């Protein structure tokens, strides 16, 4: 999630109201206030509202929400006469370019900080770590148009930002901190993306690093923006967010001609919505007349058409509006979540328990009646606990996760008894006897089903006790058709174990745990256990 | 006043002595002194006797001490051997000189001057000699034992004696008469049937003695919370469903309109498996939705949707993967359903983050249900969970629009965010032929458990200390 630092003084200047009014309303347009400090607040905005990732964008939205300035913001785009060409050789590498010129900027610390933070947040939220979109901002006065976006040989040299020596692009990937961080995006290509000016001076090596030449300082007034990437829509969306933020900061926007195409447009998009549909979704009695002012507070243009239709003009920076319901949500936000009527749905239905959950509830009652206490172990485990310590061969149906976090969590459990022994091990120093059970999911390959298991440890735990206990379960669960058969499970002692059979299929096991297993779990007293597949009961 | 049988026996015996040592009483009562002291303390609590603890030091000669008691202390033996004066060189050849010289000087028995030891005119008995004689004679009646202890000639033992004395109140009670017949503990079948219990003195048990602590078999404290939620939803007419832990990427992400390059899909956050899943019939509609919004007013995400990505398998990252499948197989209204299931996130494990935890998810699908109904339902649900103050804030989830975050008031913590909710996007429902609004909400139920049980470490729920389970009450008022 993007956390944006809002400098109060700058925010108040742009919003034209005081900080307390703003802070009070911020959560109600959709944000989490993380920290409130002396001179700034850190606020988290949602990943769909990338237009709020700058102080300028927040001020624009708050002016609307607080009724200070409502309706569609207009952004004039003049022509700069500057042109850009894109090398067709970039096709498989990084083919999309967006650009604009912004003039008459007067940077101070607060606005430079806001612009830098906006770039970083967009790199993360839209750019997917710069792979989909990367942004470069340059001091236009240091370079000479027209500009060229080219696929360059990798040994091309220039001085990267924050360095004084010139380096090859390969060297940058090896040595520059940004190069190392983002090398993965380009290193597989024979040629690298590069932006140069009319004199072949380097502006940028997207998406890695700008040149030192075009560094933006507090003296910079005119900016060239480059946005490169792999996705046209994401690139244009980024250009719109940055250009309008600069315009809010007082800059004037000028277009650039890229291969004959004038960009950016910053024109709003139009949608015709139906106020009846909005009313049905939200459960509010909304008419076009009621919706229009709500939309305007969210900075849409809105105009009632005939019947229940409303023409909505969507500002260019609102890339999150994909569907009419996205607009309806803004209507709800403008209306105020705190003012919403909260009424129970009239839907009448009769509830029912999941059969497996019902079975677990009942079998748990039997176990508790026998003095067993429930535990709820993890479902992620490992081969050591499940098989090695149990003295059992590894199960072929154990499903291994591809990138486990630790050696403790490599498979989904196939059995419950090892999980119980692990819990007895944790409680080794607690008072005996200990009798525990669990019922829940296990996996056989990709299939999930349920098992139940019990285990007890105390100095006189023996086969007679577990056999009698298993007998109780089978009687209580009405399992007349199940039978007991000899078993040779290495987890149990020979001659002190049995199998529960459903016809010819083994569905359960019980007995005195093998002393090798007891010792492997670092236990010191006799342990008895029982485990059974629930499927025959369901 | 109800005395125990032992107190009565003690009082009767003490009546003969007035005051006696516990060990003497123990002999008379055929028990040990510790038991007598315990009974006496009980009786003292009722003012019937007084218990006095006396500590006495007892001295015992060491082997070396025994020898000196017989032959005299080294300084006595050496000084006796001096006739008037003696050069130090010669004196030091005496076998006991090393020990004796210091003590002779300390006792002022000799004066050393220019290498000559001169014997004093009178050699009085030293305090050590006096003490040694007394101890040897068996007397314990000394104020101290001089330096004998530090010289290693005697050892000192603390002797604790318990002197028990009957008080006037005890004497009165005794004079009034005490029933010394033996008491009956557990009743026998014979005593009950014959009625002979009427003639027995039935032991009366003291409530002051704490009971033995025993532990029942019981449900896990977390299970009780999960069951409370299940019951609540069943009461509200919801049907329960469950499903596979392993889900296709299609159901876990694509069907929920999460873009294919969404960060939550990365290996870093999600457990992937090698297994490839088959896509359900009609998967093309999901593809169309991603690419251009299908037949809805949506623009879709644009770009090309990659089928092979959707065929991957993951451990379900949210129970919404189960909800959408339940909806796809039950597309006709009305429907109210929920699941309480484990979900998996590839997180490094710490006290508040686990790789698996329970998620509650509920859905309501019906003609005419609205966002306003969702808020109404959430309010009701949280009230029933015991949170009386609930408020709503806008939120963002990729598969709902509008989205909302309910917050509940918790004393001491303030407003706590508890789950998320919204109306399923048309992009989610439309490919599966669901043509009515679906209200959905989810809740990390382990957060509720942490609040309820006052846990600081979530791992306690899954790798439980059995004493914590034993000592956590099963019931609490809502």
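The values are calculated or read from the model by the stated rules, or taken from the named source; none is laboratory data. Computed from a predicted model, the values in this text were never measured in an experiment. Please note: Cβ atoms are built from the backbone with ideal geometry, for glycine as well, and neighbour counts cover all protein chains shown.
Only one entry of A:375, A:363, A:385 meets the criterion of being crowded, with 17+ Cβ neighbours inside 10 Å, within 33 Å of the chain's Cα centre (by Cα) and more than 7 Å from chain B (Cβ to nearest Cβ), and that entry is A:385. Once region A:348-360 is narrowed to residues that are out of contact with any strand residue (DSSP E or B) (no Cβ under 7 Å at 6 or more places or on another chain) and outside any loop (DSSP other than H, G, I, E, B), the residue that is farthest from the other protein chains (Cβ to nearest Cβ) is A:359. Scanning region A:518-532 for residues that are within 15 Å of residue A:453 (Cα to Cα) and either in contact with a helix residue (DSSP H, G or I) (Cβ under 6 Å, 6 or more places away or on another chain) or surrounded by fewer than 20 Cβ atoms within 10 Å (Cβ to Cβ) (or both) turns up A:527, A:528, A:529, A:530, A:531. For residue A:205, the criteria (1) more than 20 Å from residue A:173 (Cα to Cα); (2) crowded, with 22+ Cβ neighbours inside 10 Å hold in every case but one, which is (1). Among the residues of region A:388-409, which ones are under 14 Å from residue B:271 (Cβ atoms) and either within 7 Å of chain B (Cβ to nearest Cβ) or at pLDDT 95 or above (or both)? A:399, A:401, A:402, A:403, A:405, A:409 - these are the residues of region A:388-409 that are under 14 Å from residue B:271 (Cβ atoms) and either within 7 Å of chain B (Cβ to nearest Cβ) or at pLDDT 95 or above (or both).
Residues considered: A:327, A:272, A:321. Of these, the only one that is in a strand (DSSP E or B) and either at the interface with chain B (Cβ under 10 Å from one of its Cβ atoms) or crowded, with 20+ Cβ neighbours inside 10 Å (or both) is A:272. Restricting attention to region A:243-266, the residues being in a strand (DSSP E or B), under 32 Å from the mean Cα position of the chain (by Cα) and over 19 Å from residue A:138 (Cα atoms) number 0. Taken over region A:420-460, residues that are more than 9 Å from chain B (Cβ to nearest Cβ), over 31 Å from the mean Cα position of the chain (by Cα) and either over 24 Å from residue A:522 (Cβ atoms) or not in a loop (DSSP other than H, G, I, E, B) (or both) amount to 11. Filtering region A:291-310 to residues that are surrounded by fewer than 17 Cβ atoms within 10 Å (Cβ to Cβ) and more than 14 Å from every other protein chain (Cβ to nearest Cβ) leaves A:293, A:303, A:304, A:305, A:306, A:307. Scanning region B:290-304 for any residue that is under 47 Å from the mean Cα position of the chain (by Cα), closer than 26 Å to residue A:235 by Cβ and at pLDDT below 95 turns up nothing.
Let's see how each residue does on (1) within 33 Å of the chain's Cα centre (by Cα); (2) under 23 Å from residue A:207 (Cα atoms):
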{"site": "A:233", "(1), (2)": "yes, yes"}
{"site": "A:241", "(1), (2)": "yes, yes"}
{"site": "A:270", "(1), (2)": "yes, no"}
{"site": "A:275", "(1), (2)": "yes, no"}
{"site": "A:295", "(1), (2)": "yes, no"}
{"site": "A:338", "(1), (2)": "yes, no"}
{"site": "A:346", "(1), (2)": "no, no"}
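If the condition is being surrounded by fewer than 22 Cβ atoms within 10 Å (Cβ to Cβ) and within 9 Å of another protein chain (Cβ to nearest Cβ), then region B:343-353 contributes B:346, B:347, B:348, B:349. Consider region B:458-471 and keep the residues that are buried (at least 19 other Cβ atoms within 10 Å of the Cβ) and part of a loop (DSSP other than H, G, I, E, B). The one that is nearest to the chain's Cα centre (by Cα) is B:464. Checked against the criterion of being at the interface with chain A (Cβ under 7 Å from one of its Cβ atoms), within 24 Å of residue B:229 (Cβ to Cβ), modelled with pLDDT of 95 or more and touching a strand residue (DSSP E or B) at 6+ places or on another chain (Cβ under 6 Å), region B:322-331 contains not a single residue that satisfies it.
Reported count of residues in region B:266-289, each being away from chain A (no Cβ under 11 Å) and buried (at least 18 other Cβ atoms within 10 Å of the Cβ), is 4.
Of the residues A:465, A:480, A:394, which single one is in contact with a helix residue (DSSP H, G or I) (Cβ under 7 Å, 6 or more places away or on another chain) and surrounded by fewer than 22 Cβ atoms within 10 Å (Cβ to Cβ)? If you could, list the steps in order and put the result at the bottom.
Numbers: A:465 fails: in contact with a helix residue (DSSP H, G or I) (Cβ under 7 Å, 6 or more places away or on another chain); A:480 fails: in contact with a helix residue (DSSP H, G or I) (Cβ under 7 Å, 6 or more places away or on another chain).
Step by step, each of A:465, A:480, A:394 is checked, and only A:394 is in contact with a helix residue (DSSP H, G or I) (Cβ under 7 Å, 6 or more places away or on another chain) and surrounded by fewer than 22 Cβ atoms within 10 Å (Cβ to Cβ).
The residue that is farthest from residue A:328 (Cα to Cα), counting only those in region B:430-457 that are within 11 Å of another protein chain (Cβ to nearest Cβ) and crowded, with 20+ Cβ neighbours inside 10 Å, is B:449. As for region A:472-484, it holds at least one residue that is within 14 Å of chain B (Cβ to nearest Cβ) and either farther than 26 Å from residue B:469 by Cα or in contact with a strand residue (DSSP E or B) (Cβ under 8 Å, 6 or more places away or on another chain) (or both). Restricting the search to region B:243-259, which residues are within 10 Å of chain A (Cβ to nearest Cβ) and not in a loop (DSSP other than H, G, I, E, B)? If the condition is that a residue be within 10 Å of chain A (Cβ to nearest Cβ) and not in a loop (DSSP other than H, G, I, E, B), then B:246, B:247, B:248 are the ones that fit.
This table checks each residue for (1) modelled with pLDDT of 85 or more; (2) assigned by TED's automatic domain parsing to the domain that holds residue B:99; (3) under 18 Å from residue B:58 (Cβ atoms).
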| residue | (1), (2), (3) |
| --- | --- |
| B:150 | no, no, yes |
| B:169 | yes, no, no |
| B:174 | no, no, no |
| B:179 | no, no, no |
| B:183 | no, no, no |
| B:186 | yes, no, no |
| B:189 | yes, no, no |
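Within region A:162-181, track down each residue that is out of contact with any strand residue (DSSP E or B) (no Cβ under 8 Å at 6 or more places or on another chain) and under 18 Å from residue A:134 (Cα atoms). Lay out the reasoning, then the answer.
At the first step, the residues of region A:162-181 found to be out of contact with any strand residue (DSSP E or B) (no Cβ under 8 Å at 6 or more places or on another chain) are A:162-165, A:170-171, A:173-174, A:177, A:180-181.
Listed by number, the residues that qualify are A:173, A:177, A:180, A:181.
Taking strands (runs of 3 or more DSSP E) as the structural unit, those lying wholly within region B:1-95 and holding at least 3 residues that are surrounded by 13 or more Cβ atoms within 10 Å (Cβ to Cβ) correspond to B:49-61. Which pairs have Cβ atoms under 8 Å, sit 6 or more apart or on different chains, and link a residue in region B:365-382 that is more than 7 Å from every other protein chain (Cβ to nearest Cβ) and surrounded by fewer than 21 Cβ atoms within 10 Å (Cβ to Cβ) to one that is part of a helix (DSSP H, G or I) and at pLDDT 95 or above? As it stands, the answer is B:368/A:280, since those pairs meet every condition given. In the condition set (1) surrounded by fewer than 16 Cβ atoms within 10 Å (Cβ to Cβ); (2) in a loop (DSSP other than H, G, I, E, B), residue A:216 is compliant with all but (1).
Select the strands (runs of 3 or more DSSP E) contained entirely in region A:1-113, then report the ones holding at least 2 residues which are in contact (Cβ under 8 Å) with a residue 40 or more places away in the chain and surrounded by 20 or more Cβ atoms within 10 Å (Cβ to Cβ).
Passing ranges, in order: A:2-7, A:40-45, A:77-86, A:96-103.
Scanning region B:191-223 for residues that are under 34 Å from the mean Cα position of the chain (by Cα), at pLDDT 95 or above and either loosely packed, with under 14 Cβ neighbours inside 10 Å or more than 14 Å from chain A (Cβ to nearest Cβ) (or both) turns up just one, B:216.
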